[in-house]
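Here the structure is laid out as structure tokens; the discussion comes afterwards.
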């Protein structure tokens, strides 16, 4: 304790080794201090009693052991502290990585959901635009339907007229189809243009083969008919097979005004 006087180790040693029967005074000798770890052990310059040397050696050894043990314990404490520090840091890093992973995953899910919503909105907008385009197309076609039909019929009339002029024999097909429609008749009169009438006369027997047995056929040239058309009359009715009449019938059917 601070302030208390301590008895030097050498003084105790001298008292222990002093003969009990002899009373003498040993004059003090100069002393020298030698460091021993954290303490200092006084030594005499002269010879010291073996017991004193042994005590000093024991004290030194004990002090060395204490110091070594203290150092080992300090190293162990330091090592344990470093290991604990690394463990705490590792746990912190792991926790941070896990938290960062979860936060990143959450952000990715949020961004993915936002992208899905945006894609759905784009698809919906595309469907709306497509439907508007289809409706506009239908309205355009409906508005131009009459014009388109008239144009188609005009083109067809010109094409058929040119075909008939270049091939007058097409009247045979028209006449044959007309005779089939009135096959129950017995007397047929065919009116046609002079050019068509001449062709029909040349194929009279072929046309009669389409009519009823014992039927009679009369061909009349009429300049009022256009080439390629004809009119067939029987006792049961007539069929107008002129090109203009057939085109008009087609026009009615296309416009919904005639039979299909």
Kindly provide the set of residues from region 227-238 that are surrounded by fewer than 20 Cβ atoms within 10 Å (Cβ to Cβ) and in contact with a helix residue (DSSP H, G or I) (Cβ under 6 Å, 6 or more places away or on another chain), ordered by number. 227
For residue 205, indicate whether it is in contact with a helix residue (DSSP H, G or I) (Cβ under 8 Å, 6 or more places away or on another chain) and farther than 16 Å from residue 242 by Cβ. no
Answer yes or no as to whether residue 199 is in the same structural domain as residue 249 (by TED's automatic domain parsing), buried (at least 17 other Cβ atoms within 10 Å of the Cβ), assigned to a helix (DSSP H, G or I) and at pLDDT 85 or above. yes
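The values are calculated or read from the model by the stated rules, or taken from the named source; none is laboratory data. Since the model is a prediction, treat every value here as computed from it, not as a measurement. Heads up, the Cβs are rebuilt from the backbone with ideal geometry, glycines too, and the neighbour counts pull from every protein chain shown.
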